[in-house]
Amino acid sequence: MLKRTLFPFLLCSLTILSQKSYADSVCQAVDLKCEYLIDPLGIDAGHPRLTWRMSDGRQGAAQTAYELVVGTDSVGVSRNKGNCWESGKINTSAAMAAYAGKGLEPFTRYYWRVLVWDKDGAPAQAGRIASFETGVMGTGRWSGSWISDGNSIQVKPAPYFRKVFTADKKIRAARAYIAVAGLYELYINGQRIGDHRLDPMYTRFDRRNLYVTYDVTAEVQEGKNAIGVLLGNGWYNFQSYAVWGFDKAPWRGRPAFCMDLRVTYEDGSTEIISSDEQWKTSLSPVIFNSIYTGEHYDARLEQPGWNTTAFDDSAWKGVINRAAPSGHIVAQTMQPIKNVEEIAAQTMTRINATTYVFDLGRNIAGVSRITVRGTAGMTLRLKHGERLYPNGEVDQSNISVHYRPRDDSDPFQTDIFILKGNGEESFMPRFNYKGFQYVEVNSDQPVTLTKESLVGYFMHSAVPPVGHIHSSNPTIDRIWSATNHSYLSNLFGYPTDCPQREKNGWTGDAHIAAQTGLYDFDGITIYEKWMADHRDEQQPNGILPSIIPTDGWGYEWGNGPDWTSTIALIPWDIYLFYGDTLILAENYDHIKRYVDHIDEVYPSGLTSWGLGDWVPVKSVSPVELTSSAYYFADVSILGKAAKLLGKQDDFIKYSALAAKIKNAFNEKYFHPGTGIYGSGLQTELSVPLYYGLAPDSVKYRVATNLAARIAADSSHLDVGILGAEAVLNALSENGFADVAYRLAAREAYPSWGWWIVNGATTLYENWQIDAKSDISLNHIMFGEIGAWLFKGPGGIKPDPENPGFKNVLLEPHFVAGLDRFEATHESPYGTILSSWARERHKITYAVTLPANTTATIRFSLSGKERIYLDGKRLTGFTAEGTYQVEAGSYQFVIR
Ligand code: BGC
């Protein structure tokens, strides 16, 4: 019996193993992506970016040339014939190219293949044929009208829409294109289409709307078909009340959509079924939905079969045509939000016959699903929160502070489920998410629930994980994991500050967390979309709001360079991590407008515009010091981008402006006698080091003072979010890695470890766990430590001269107090491994570099150690103390 069950498993794992080693040993182009997605549907880009990586396990493996073949005929492409583009053999190691063939047609599937040549100039084995399919490619090309049910913005129930059509020939393919102001679920013949959640992503609806494409060939059938659409409010029709006034958003309207269903028949003809005045509408059982607070569902109002052909819709009413919400209807080319993980409740506490509290065991962003039996009309309220009162009930007082309800009809982070009473019933909200660990279920009648009655779903933009940290210190590993949980809890098609109290696209929080995100997740598609949101929100004079997207709130408060430098910092980070200049080119004029505005208002080069070192432990650093550092970073990035993009005049102009800011900064804040900045606070010393304002000649002195300051502060942090971003890097980049590690690993207040030892599974907003304000338990703004783990102990850094990890800067810090550390990052070229272990006086350092990359290794050692590679004493260090290696695996021994 045992044998029989085990055998298939063994066989299967053997097959997987042999497939894997085969794939690694065969030299070929793999991971083919278009616009950073695998075989995407519905792209609008006229020159989509094609990327790949070379799989080749040999030492020194490198690509010497590539050739791209793109065509509409897959058989032709498989024979290396592309009727749209044949790039010809290009002698380069670049693993990315923008399509440069014949003009792309909308609604068309293109196949492509890349041929690569290895380090010896031999052609690699042909890889798979990839594809991309164009979408509508232009707002003017839609056939459908924008329709709504014509109700006012105050009407609460979510509208259903339906339409029946006949496909009278054999179907070859069918695609649904749907653009929505609000949120939607799409159904064909009763089937829900796709597994995206909260589509489309939030944009500034009156400037840009996203549409989503689906392959619905399997759902559309010859004969009669029914299309069903359910619309939710999302940020488009905000019916709750909170301090930011989204209920008064200029774009606000009753949710509406525009849809084209393109059916291609076997005979080559096409038919488009569109949203128009022939559709019918009715209110749904979703009797209230708010992205901010919750969803209310009355199962008694269900209309079984509403989205099928058999349904009698004679009682439904007509729809109205309305104007498009904006003139830009563009493809949503990004990783969608999904229910990524199902989380079982760890415990359930029965408080009394009508009240139960479920604990998921960890804090998440997402929703819960309840499964229950009861009578018709029985009402459950599901209250979600991060904390419990001493009596075991859910306490929302840390997260409901900015909520301004006008009555009790819309309780905060609470779903309301009214049962229909016919056996087991389930409810999960469609158009809302929350931040929570606990769910308190209150019933208006006695009810029996078990631990299995409720599950949680961790929702976020489903960005693929690309980073991993593992060390000999469990607290460090848990900090890394909590950081990632907060990062993902705050990624919903735009980066947010927290998933409960605000869900706002706070700029400052996002740039602080960007590198953490990029080391750990393949998030380029989210950031590219968010930069388009920036461009939509920027005023002609360059000013950006502090939250993006916004209803208008945030142009007056919180939007200095310490927050809104996202306009420069994020494109630069993307350039470093992906080696792609497009994001710099697309945002170039916007960075410039932003920088020019600051230059105009603050001609001295120093600016006091900003919030400063937010939520500090105790000491408060001057706003001008931190804001000017971000301003300097932006101007420096602008200068570097000008150079990359061949804008020589701007390069000269902004390099000079950067030099001016640096001088003004050092003149005002640096004290040459003492080697301190300002009054010598941790933030004051860290920020100039991290942002490159401290001249090389004084860096070590400043870092020494920083280490001394920390010692004087009882070896604990005394920073807010800006200082926390800088301090660990400032120390480890300037000779004090051990001090950085001690701060990072500290478990006493105030520290990241303090949260962890107190049970945190996400990062908090405040160092003080019992703070009276600013105490969400799922904030990412102290999250740069995630990136620091890769850069500091892991030592993996992108090289600005050869970005995208084409050349990797490897500078591991074998810090005192840690015995083992392993960092891996799946770069665009493949997996980089940097791993070390200490055994008495010996350190073994293992490195793996993917094909087509190199690394510059620097060991930060005291100078007395000897370094061996493959048993031989290592020589060949450059004058700068670095050692250059090519792709492959290496093991260094340091004694
Ligand atoms: C947010 C922060 C944000 C800050 C700006 C808070 O309410 O939650 O994360 O950056 O305001 O001051």
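The values are calculated or read from the model by the stated rules, or taken from the named source; none is laboratory data. These figures come from a predicted structure and were not determined experimentally. Here the Cβ positions follow ideal geometry from the backbone for every residue, glycine too, while neighbour counts run over all protein chains shown. Areas reflect the complete protein model, heavy atoms only, side chains present, ligands, DNA and RNA absent. Shrake-Rupley method; radii C 1.70, N 1.55, O 1.52, S 1.80 Å.
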ask   = Hey, quick one: spin label on Lys224, modelled 7 Å out along Cα-Cβ, who in the range 181-201 has an amide N within reach, i.e. under 17 Å?
value = 188-191
request  = Please compute the net charge surrounding Asp415, taking Lys and Arg as +1 and Asp and Glu as -1 over other residues with Cβ under 13 Å from its Cβ.
outcome  = +1
message = Treating only the Cβ of Lys, Arg, Asp and Glu as charged (+1, +1, -1, -1), what charge dipole size does the range 414-516 show about its Cα centre? Round to the nearest 20 debye.
response = 160 debye
Calculated FRET efficiency for the pair Lys668/Ala816, C-beta based, R₀ 41 Å, to 0.05 = 0.70
inquiry  = Rounded to the nearest 20 debye, what is the charge dipole size of the range 489-548 about its Cα centre when +1 sits on each Lys and Arg Cβ and -1 on each Asp and Glu Cβ?
reply    = 100 debye
inquiry  = Which of rounded, prolate or oblate describes the range 263-329 when judged by the alpha-carbon gyration tensor and an a/c cut-off of 1.5?
reply    = oblate
ask   = In the chain, with Lys and Arg counted as +1 and Asp and Glu as -1 at Cβ, which of these residues, Ser679, Leu645, Ala130, has the Cα nearest the positive end of the dipole, that is, farthest along it?
value = Ala130
message = Could you give the length gained by full extension between Lys169 and Thr882, i.e. 0.36 nm per residue of separation minus their alpha carbon distance, to one decimal place?
response = 249.9 nm
message = Amide H of Asp613 versus every other amide H placed in the peptide plane: which residues, excluding those fewer than 5 positions away on the same chain, fall under 5 Å?
response = Ser621
Relative contact order for the range 293-365, counting Cα pairs under 8 Å that sit 6 or more residues apart, in percent = 15 percent
request  = Classify the range 75-200 as rounded, prolate or oblate from the Cα gyration tensor: take a ≥ b ≥ c as the square roots of its eigenvalues, call it rounded if a/c is under 1.5, otherwise prolate when a/b beats b/c and oblate if not.
outcome  = prolate
query = Accessible area per residue, 1.4 Å probe, Å², for the chain: what's the number?
reply = 36 Å²
key: Whole-Hz couplings from phi, Karplus 6.51/-1.76/1.60, listed for the range 529-534; x for Gly and Pro   = 5, 5, 5, 5, 4, 4
task = Work out, step by step, the length gained on full extension between Leu388 and Asn80: first 0.36 nm times the residue separation, then minus their alpha carbon distance; give nm to one decimal.
result = 104.6 nm
request  = With a 1.4 Å probe and every protein chain kept in, tell me what percent of the accessible surface of the chain is carbon plus sulfur.
outcome  = 51 percent
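Summing +1 for each Lys or Arg and -1 for each Asp or Glu, what net charge is found among the other residues whose Cβ lies under 11 Å from the Cβ of Leu833?
Neighbour charge sum, excluding Leu833 itself: -2.
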key: Inter-label distance for Arg192 and Tyr555, nm, one decimal - labels placed 7 Å from Cα along Cα-to-Cβ   = 3.9 nm
key: Cα gyration tensor shape of the range 435-541, rounded if a/c is under 1.5, else prolate or oblate by comparing a/b with b/c   = oblate
message = As a test of the formula, what do you get for the chain when each DSSP H run with n ≥ 4 contributes -39,500 (n - 2.57) and the sum is divided by the residue count, at 222 nm and rounded to the nearest 500 deg cm²/dmol?
response = -7500 deg cm²/dmol
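May I ask you to derive the FRET efficiency for Thr72 and Ala323 from their Cβ-Cβ distance with R0 = 51 Å, giving the value to the nearest 0.05?
It comes to 0.90.
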message = Give me the percent relative contact order of the chain, please, defined on Cα pairs under 8 angstrom at least 6 residues apart.
response = 10 percent
request  = Return one number: the angle in degrees, 0 to 90 and rounded to the nearest 10, between the long axis of the Cα atoms of helix 507-520 and the longest principal axis of the Cα atoms of the chain.
outcome  = 80 degrees
message = Please report the net charge: other residues with Cβ closer than 9 Å to the Cβ of Met137, K and R +1, D and E -1.
response = -1
query = When the chain is fully extended, how far beyond the present Cα-Cα distance does Gln891 get from Glu277, taking 0.36 nm per residue of separation?
reply = 214.1 nm
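Restricting to the chain, compute how many DSSP beta bridges are antiparallel as a %, nearest 5.
Among the beta bridges of the chain, antiparallel pairing accounts for roughly 95 percent.
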Violating pairs (Cα-Cα greater than 18 angstrom) within the set Lys383/Lys434; Lys592/Lys640; Lys156/Lys248; Lys248/Lys383 = Lys248/Lys383
query = Taking only C-alpha pairs under 8 Å that are 6+ residues apart, what is the relative contact order of the range 545-645 in percent?
reply = 31 percent
key: Computed over the range 303-440, Kirkwood Rh from alpha-carbon pairs, angstrom   = 18.4 Å
task = Report the calculated FRET efficiency for Arg128 and Glu747 (r = Cβ-Cβ distance, R0 = 60 Å), to the nearest 0.05.
result = 0.80
task = Would you mind computing, in nm to one decimal, how far apart the modelled labels at Ala310 and Glu342 are, each placed 7 Å from Cα along Cα→Cβ?
result = 2.7 nm
query = According to a simple spin-label model (label point 7 Å from Cα along Cα-to-Cβ), what is the distance in nm between Gln154 and Lys864?
reply = 8.1 nm
Given charges at Cβ of Lys, Arg, Asp, Glu: the chain dipole, positive-most of Leu706, Ser148, Thr217 = Thr217
ask   = So how far, in whole Å, is the C-alpha centre of the range 234-253 from the one of the range 668-685?
value = 45 Å
message = Placing unit charges on C-beta atoms (Lys and Arg positive, Asp and Glu negative, everything else neutral), compute the dipole magnitude of the chain about its Cα centre in debye, rounded to 20.
response = 1340 debye
